[in-house]
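Where a number appears in this text, it was derived from the coordinates with a stated rule and is not lab data. In this text the structure is predicted, and so the values were computed from the model without any measurement. Cβ atoms come from the backbone with ideal geometry, glycine included; neighbour counts cover every protein chain shown.
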Amino acid sequence: MVDRGDRVTLVAVRDSRRFGLQVLSRSMAPAATIGSGDLSFPRARIDSGDHAAATLQRCHGLTGARARRLLGHEVTSTYAMGCWVAAARVLLAATGLLFAVKGEQRTPVQRRVPPRERQAVSGSGPGFANFLVRDQLYCDLARLFFFTQWVDPGSGDATRFFLVNIPGDLRGAGAVWHAPDKALLLWREGDLPLDFETFACLRILVDFSSCDSLLSEYRGS
């Protein structure tokens, strides 16, 4: 299958006692500080390795039929699964975090990958699959929830957004946490540029007060 121009974007969320719901973003500024640079969510293009058989054999918690039902029947079930795999790669690249299961009992594990190894294991579908095989892991796709998608009317390429709830103590180099309402306030004041997709997602997120309320809305979708 020829690679499409589709991308996946990860909206990592967590609860914060001080700010309520927060989201993880990339910062294009030299220093990742609120009020400088712009805000966009970590993203990557889907490659053929994401939906290759060898990669999907190392996945857990999601069937191709369900993935296709959620994304739409214009894509194949294997390609739909690959969108989740790409989102897991984005999570690993942005935070070093991998949700997985291990062994015959599929015991849940949470793996932290040091920064020096992240690019090698998250840069492509094959690299990600080789990492899973090496560590005898199966990527737990059930921890990623389909959120929304935007389709370019000219090219037909899609950008698909996934939600993931991650530990509150996580700190990712090159990333910054924003409360959605605070980010929108900065945007209105002209202090934080937002592209339309990010703005639209933040507008949805401000209606939720916690990760639990947000994920309960999309978990069963």
Candidates 151, 109, 90; GNM for the chain (alpha-carbon contacts under 10 Å) flags as most fluctuating 151
Roughly how far apart, in whole Å, are the Cα centres of region 56-122 and region 130-156? 5 Å
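Size of the dipole of region 65-221 about the Cα centre, Lys and Arg at +1 and Asp and Glu at -1 on the beta carbon, nothing else charged, in debye to 20? Please list the in-between numbers first.
Working: 18 positive and 16 negative charges, 133 e Å.
The calculated dipole for region 65-221 is roughly 640 debye.
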Sum up the charges of everything whose Cβ sits under 11 Å from the Cβ of residue 89, counting Lys and Arg as +1 and Asp and Glu as -1, but leave residue 89 out. +1
